[in-house]
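Taken together, the values in this text are just the output of simple stated rules run on the coordinates, not laboratory data. This structure is a prediction, so every number in the text was calculated from the model and none was measured. Using ideal geometry, Cβ is built from the backbone for each residue, glycine included, and neighbour counts are taken over all protein chains shown.
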Amino acid sequence: MKYDVMIIGAGPGGIFSAYELINQDSSLKIAVFEYGNPLEKRHCPIDGDKIKSCINCKSCGIMNGFGGAGAFSDGKYNITNEFGGTLHEYIGKKKAIELMNYVDGINVKYGGGKTKLYSTANSDIKRLCLQNNLHLLDASVRHLGTDINYEVLQNMYTDLKDKVEFFFNTPIVKIEKLDAGYKLYTKQGEEFTGDKCIVSVGRSGSKWMEQTCKELKIPTKSNRVDIGVRVELPAEIFRHLTDELYESKIVYRTEKYQDLVRTFCMNPKGAVVNENTNGIVTVNGHSYEDPALQTENTNFALLVSKHFTEPFKDSNGYGESIARLSNMLGGGVMVQRFGDLIRGQRSSAGRLNKSFMTPTLSATPGDLSLVIPKRILDDIIEMIYALDKIAPGTAGDETLLYGVEVKFYNMEVELDNNLETLHKDLYVIGDGSGVTHSLSHASASGVFVARHILGK
Ligand SMILES: Cc1cc2nc3c(=O)[nH]c(=O)nc-3n(C[C@H](O)[C@H](O)[C@H](O)COP(=O)(O)OP(=O)(O)OC[C@H]3O[C@@H](n4cnc5c(N)ncnc54)[C@H](O)[C@@H]3O)c2cc1C
């Protein structure tokens, strides 16, 4: 079977490439190869009761399948060049924002219209932050919520499935460059050829991407890792920020080390959840649009970036080791009250039970100072005191810190301004390229490459 365009990966990057290609030229033959299941068959067996930890399914229900890593995410589409990737460095700031707005329009069309688009523009919170040495990054954010995000994806799939060929449970193991076009080899031993190939394999495809770049002699650069904790506190404390902005990305430069610490993935009235990356349990958070599913707590991550280059280059390996250490001591995610951390004592189940706030994740009470490197922990503590000035109560005794939260990034693939590799007609987009690390940027990169191909 020969295709005009072959897409590897059905995450936001791959989906939006397929969407744009087929909607602009319905005569195109397009194939999408996806490691995991269709959306309705994606399921993680961990129920916290019978199955407590990862049983290494054939494909991960959370990371693989239609919708990619974003399928069960909070569905926060941030429209900004300030974070979420460096797409603008390739295609220009104006174009990047234009494409992110275009993606937003499509999400609205497929069921996101009932959700709200928040914005930092003209917000008094920006001034409040500046007065306290904190920097609020500019962004608009469409919060779909885990529930509506799922609905949007389902509607998109229903629309695309008869126009584009989807191959689920079909990991691609090798890309071969032909005299004209490319041949893809699947794990099952099938072969497919096509004129053009878009690779959009996300975080979960990072190891395969690295190996593919080696085989095709495509240069790469190491990327950073973000390490920190997830903070959980009563929703009231952050209400003035979350009601107006939903998500605020706030950056602080610490006095002690001059490091940057930032808030990440804010979930008003949300829940803290476990995340499984290659068998290592880290922490994350999400929230719902449906009031019936909301909690009384707000959570967000505080992260510090680390980028190693010489002689040690493996930034992701460093993050993994810290996460493994927390798993070793806590059997999974650890939780500590901020007051206990400051007093240098381990949190205990007894003290947690006496708290006024109910944790949304059952984690092992422990001591994060035994896990997180001093410099990073000092940075986080300083940031919590800084946030306390704009949201009093943040540095409260009962504020919960879950650890560790680690954000892994793919190595950066060398690409030109069209996101094309040194091999003609072979493109790498989304998080797998190291260029993006968010839903908006990954989706926009998919539309961008589709339009470039159509232009050819
Ligand atoms: C729990 C969680 C919550 C998140 N919340 C948000 C959020 O609210 N807002 C936000 O902006 N970002 C969020 N993110 C990040 C966001 O999901 C990613 O940035 C985005 O999904 C990247 O899209 P992508 O298409 O590049 O990659 P992915 O979504 O990772 O999709 C890649 C796809 O490729 C498939 N694949 C991998 N290797 C192969 C192969 N060899 N052959 C075939 N298929 C392959 C995978 O199975 C996967 O389905 C979250 C991530 C997680 C894990």
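Qualifying trypsin sites (Lys or Arg not before Pro) in region 54-104, where qualification requires a DSSP coil assignment and no more than 16 other C-beta atoms within 10 Å, comprise Lys58. The mean sequence separation of alpha-carbon pairs under 8 Å and at least six residues apart, normalised by the residue count of region 127-239, gives a relative contact order of 11 percent. The overall shape of region 2-105, judged from the alpha-carbon gyration tensor, is oblate: a/c is not under 1.5, and a/b is no greater than b/c.
With a simple spin-label model that places each label point 7 Å from the Cα along the Cα-to-Cβ direction, the separation between Arg343 and Gln24 comes to 6.2 nm. Enumerate the residues in region 404-426 having an amide nitrogen under 20 Å from the point lying 7 Å beyond the Cα of Ser362 toward its Cβ. Of the residues in region 404-426, 404 have backbone N under 20 Å from the label point off Ser362.
Between the exposed loop cleavage positions of the chain, defined as chymotrypsin sites (Phe, Trp or Tyr not before Pro) in a non-H, G, I, E, B DSSP state with at most 12 neighbouring beta-carbon atoms within 10 angstrom, the longest gap is 1-311. Its Cα centre serving as origin, region 1-117 has a Cβ charge dipole (Lys and Arg +1, Asp and Glu -1) of approximately 160 debye. Computed over neighbours whose Cβ is under 12 Å from that of Asn410, the net charge equals +2, Lys and Arg +1, Asp and Glu -1. In the chain, the longest principal axis of the Cα atoms and the axis of helix 374-390 are about 80 degrees apart. Using the Cβ of Met6 as centre and a radius below 9 Å, the other residues enclosed give a net charge of -1, where K and R count +1 and D and E count -1. Measuring nothing but how far apart in sequence close Cα pairs (under 8 Å, 6+ apart) lie, relative to its length, the chain scores a relative contact order of 23 percent. Placing a label point 7 Å from the Cα of Val251 along the Cα-to-Cβ line, the residues of region 76-119 whose backbone N sits under 11 Å from it are 82-84.
Full extension from Tyr102 to Asp124: what is 0.36 nm times the residue separation minus their Cα-Cα distance, to one decimal in nm? Working it through step by step, the gained length comes to 5.1 nm. In this simple spin-label approximation, Leu329 and Lys374 carry label points 7 Å from Cα along the Cα→Cβ vector, and these lie 1.5 nm apart. Given a cut-off of 20 Å, name the pairs among Lys29/Lys214; Lys58/Lys313; Lys29/Lys183; Lys163/Lys187; Lys2/Lys183; Lys174/Lys217 whose C-alpha atoms lie farther apart than that in the structure shown. Lys29/Lys214; Lys58/Lys313; Lys163/Lys187, as the Cα separations exceed 20 Å there. Cβ-Cβ distance of Leu117 and Lys221, R₀ of 25 Å, FRET efficiency by 1/(1 + (r/R0)^6): the value works out to about 0.15. Within the straight-line cut-off of under 30 Å between alpha carbons, the lysines reachable from Lys116 are Lys41, Lys76, Lys93, Lys94, Lys95, Lys126, Lys161, Lys249, Lys269, Lys389, Lys407, sequence neighbours fewer than 8 places apart in one chain being disregarded. A rounded overall shape is assigned to region 225-408, the ratio a/c of its alpha-carbon gyration tensor axes (a ≥ b ≥ c) being less than 1.5. The simple Förster model, with R0 at 30 Å and r as the Cβ-Cβ distance, assigns Thr86 and Ala292 a FRET efficiency of 0.20.
For the pair Asn417 and His43 in one chain, pulling the backbone fully straight at 0.36 nm per residue adds 130.9 nm over the alpha carbon distance.
Count Lys and Arg as plus one, Asp and Glu as minus one, and take only other residues whose Cβ is under 14 Å from that of Thr158; the net charge is then -1.
Students often get this wrong: which residues of region 161-175 have the backbone nitrogen under 17 Å from the point 7 angstrom along Cα-to-C-beta of Glu191? Counting only backbone N, you get 172-175.
Name the shape class, rounded, prolate or oblate, that the alpha-carbon gyration tensor gives for the chain, where a ≥ b ≥ c are the square roots of its eigenvalues, rounded holds for a/c under 1.5, and otherwise prolate holds if a/b is larger than b/c and oblate otherwise. Prolate, because a/c is 1.5 or more and a/b exceeds b/c. Where only DSSP H runs of four or more residues are counted, the chain gives -9000 deg cm²/dmol as its mean residue ellipticity at 222 nm, each run worth -39500 (n - 2.57).
Of the residues Asp388, Asp179, the one with the fewest other Cβ atoms within 10 Å heads the list, and the complete ranking is Asp179, Asp388.
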